Amino acid sequence: MKKPRVEIEYCSQCRFILRASWMAQELLMTFGEELGAVCLVPGSGGVFEVRLNGELIFARREAGRFPESKELKQRIRDRIAPEMDLGHSDRK
């Protein structure tokens, strides 16, 4: 079975690459064995979107803000490894 793929599309004009690469690092450290790839996709127009296997799971434009690491980890975990404990990221 093919492992899940995460894509983080970020606005290169807005220099969102640092935030996107940090988020990619957080996801890889958390889901290293469960994910097949975390890809950074340059975009424009203020975009910051996160997709899991093509499904949009976070859009900056819709939320009016950037995602928190904790919330992205929870959304991804709920789809690919619901039984996984995220430690401090699961606590309120």
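Looking across the stretch 37-77, the residues that are surrounded by fewer than 12 Cβ atoms within 10 Å (Cβ to Cβ) and outside any strand (DSSP E or B) come down to Ser44, Gly45, Gly54, Arg61, Glu62, Ala63, Gly64, Arg65. Scanning the stretch 1-15 for residues that are farther than 15 Å from Arg75 by Cβ and either in contact with a His (Cβ under 6 Å, 6 or more places away or on another chain) or part of a loop (DSSP other than H, G, I, E, B) (or both), we see that the one that is modelled with the lowest pLDDT is Met1. Pairs needed: first member in the stretch 69-84, within 15 Å of Gln25 (Cα to Cα) and without any contact (Cβ under 8 Å) to a residue 40 or more places away in the chain; second member anywhere, part of a helix (DSSP H, G or I) and among the hydroxyl-bearing types (Ser, Thr, Tyr); C-beta distance under 7 Å; at least 6 residues apart or different chains. Filtered contacts from the stretch 69-84: Lys70/Ser89. Checking each residue in the stretch 6-20 for being closer than 17 Å to Leu52 by Cα and either of a type in the set (A, V, I, L, M, F, W, C) or under 10 Å from the mean Cα position of the chain (by Cα) (or both) picks out Val6, Glu7, Ile8, Glu9, Ala20.
Output the residues belonging to the stretch 16-36 that are part of a loop (DSSP other than H, G, I, E, B) and without any contact (Cβ under 8 Å) to a residue 40 or more places away in the chain. Phe16, Gly32, Glu33, Gly36 - these are the residues of the stretch 16-36 that are part of a loop (DSSP other than H, G, I, E, B) and without any contact (Cβ under 8 Å) to a residue 40 or more places away in the chain. Residues in the stretch 20-31 that are surrounded by 17 or more Cβ atoms within 10 Å (Cβ to Cβ) and either touching a helix residue (DSSP H, G or I) at 6+ places or on another chain (Cβ under 8 Å) or among the basic types (Lys, Arg) (or both): Met23, Leu27, Thr30, Phe31.
Taking the conditions (1) assigned to a helix (DSSP H, G or I); (2) surrounded by fewer than 16 Cβ atoms within 10 Å (Cβ to Cβ); (3) modelled with pLDDT of 95 or more in turn, His88 satisfies each one other than (3).
The values are calculated or read from the model by the stated rules, or taken from the named source; none is laboratory data. Since the model is a prediction, treat every value here as computed from it, not as a measurement. Cβ: placed from backbone, ideal geometry, glycine included. Neighbour counts: every protein chain shown.
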